[in-house]
Every structure is written in C-alpha cells, then in structure tokens.
Amino acid sequence: MSSPLERSLSVLEYLAARPEGKALSAVAQDLELPLSACHRVLTELVRCGYVRQMRDHGDYALTTKLAALGLSYLGGSGIVDIAQPIIDRLADVSGELVRLAIVDGDRLTFVAKAQGARFGLRYDPDMGIDLRLSCSAGGHAWLMTLSEERALELVVRQGFGEPAAYGPRAPTTWKALEQVLQEDRARGFSLIEEVYAPGMNAMGAPVQRRGEDTIGVITIAGPAIRLTAARMQELGAPLNQAAGELAMASTASPIFVRQAAARQAPA
C-alpha cells in the first residue's frame, strides 16, 4: 500500500497535468485510490494551500503555490538567467520553439523556452514535463551520449508508453531505438519526424562539456510542414553551437556545479 506521502505526490502530479481541475471521484478512480483516502489527501493539500476546491462543480485544482516553489528554485539556480539569451537567439535563427531540459538523476525536464514562431502554426506544449526518452528529440539527444547499458536501463525503466503517447513513426523496441541513436551520433544531433506527435518534427543537442556527462539538452520543435528534414539539417550547426555555449556557461549555475560534483564523487 502506498504511503500518505506517495499518495499526496501522485495527486499533485495528476492535477498538474489537469489545470481545469478534476472531481474527487475522477481523481480517485484514475489513481486507483480508495475514495475516502483520496478525499483525506485532497483535504490536507487544500489545508496546506497546494490545492483549491472550485465552487462551480466542486472540482479540485492546483493553486499557484507549487508553481511558485518551482520558479523560486529555478530562479535561485541561475539556469534560466544563463540559458535565456542563448535560447532566445536560437529561436530567432530557427523561427521555431526552442527549449532547454536539464538532466536530474534519471529524468529530463524542460525548464526554459523561447518561441521563435511569429505567425502561422505554433507548437508550444506545457513546460515542466518530463520527457519520454524513447520518442522525443531531447530524450534521444541525451541517450546518444550514454553507454548502451545505461541508455537501455533508462528506457526500460520508463517504458515506451502507450500508442496514444507518441507519434506514428516512433521506435517501439530497443533495437529500433538503438538504430536511431546510431544515426544521431553520426549526425551530431538528434532528429525526429512525427516521432513524438503526428505532424510535429524536432531536433536536439546535448549540453555537455568535453569529457563530462551531459547536463541538459537543447531542442528545436515545430510543425513538420515548416520544420522539414532539410531545414533541420540547416539548423544543426546553430543548434550545436548554442549547446556548446551553454555548456561553457554552465559553471555559473549552482545546480550544474552540484550535479557535476555529485557525478565525480566516489561511489
């Protein structure tokens, strides 16, 4: 049986993906929690200010308290201050959505973005999500820098997901994914076409100092009709240049410095 803390975190993660709010019964059913236990968790989260109950239908939704904590953490880390000018410039060059994700243990999470599209179709999903490694440009950009054993471990742990969670051209076996990663390594950056979602293409490059582990990835994403394979090849050099600049500047961020020290410490 899950602990109260695990239940609380599950509810927070569930509501974070549903800003419109959800009824108690829906939360309990989707998370497979007893109705009474789910109600206790929500009541406690309301008391602590992380969840509110909306008046119209009684649905539960997150307040901004959790988001404020995240923004405070990122603000103090220096990551966004360092990255924003670099990703802004890449967004201007590419005319598409540019995002930075950082490696945090076994997770890869978007923390900063810049929208380069000024008109027409705009691809701009929610921030703060963990990337699915097997079907995202950012995931591939990280996996291509790892040993086969480590990459396989991460993918198996996370899984390939359900068909509704990825695009029509996504690899769904390790053999297929490894072939993609080999092509990415030879190219110097990841490139996906309708792998993450139908009609969407993307590319990514690792943020990595020479001889050190990857600390993050920079991605460019946009509609396939505009961000074609040929266009992504043209953007390969600016993308890698931006990743290199961020890698050099990363020593100014306490988070990146701490992560590097932790990886270098003896086991």
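Annotations for the structure displayed:
- Some residue of the stretch 64-78 being loosely packed, with under 15 Cβ neighbours inside 10 Å, out of contact with any Leu (no Cβ under 8 Å at 6 or more places or on another chain), at pLDDT below 90 and not in a helix (DSSP H, G or I): yes
- Residue match in the stretch 30-52 (condition: under 15 Å from Lys65 (Cα atoms) and under 24 Å from the mean Cα position of the chain (by Cα)): yes
- Residues of the stretch 144-171 classified as in contact (Cβ under 8 Å) with a residue 12 or more places away in the chain and of a type in the set (D, E, K, R), total: 3
- Within the span defined as the stretch 106-117, one or more residues are modelled with pLDDT under 95, in a loop (DSSP other than H, G, I, E, B), surrounded by 15 or more Cβ atoms within 10 Å (Cβ to Cβ) and in the same structural domain as Leu227 (by TED's automatic domain parsing).
- Within the stretch 25-56, being out of contact with any helix residue (DSSP H, G or I) (no Cβ under 6 Å at 6 or more places or on another chain), among the hydrophobic types (A, V, I, L, M, F, W, C) and surrounded by 14 or more Cβ atoms within 10 Å (Cβ to Cβ) holds for Ala26, Leu33, Ala37, Leu42, Leu45, Val46.
- Filtering the stretch 1-24 to residues that are surrounded by fewer than 16 Cβ atoms within 10 Å (Cβ to Cβ), of a type in the set (D, E, K, R) and not in a helix (DSSP H, G or I) leaves Arg18, Glu20.
- Filtered residues of the stretch 92-106 (kept if of a type in the set (A, V, I, L, M, F, W, C) and within 18 Å of the chain's Cα centre (by Cα)): Leu97, Val98, Leu100, Ala101, Ile102, Val103
The values are calculated or read from the model by the stated rules, or taken from the named source; none is laboratory data. What you are looking at is a predicted structure, and each value in this text was computed from that prediction instead of being measured. As a convention, Cβ positions derive from the backbone with ideal geometry for all residues, glycine included, and neighbour counts pool all protein chains shown.
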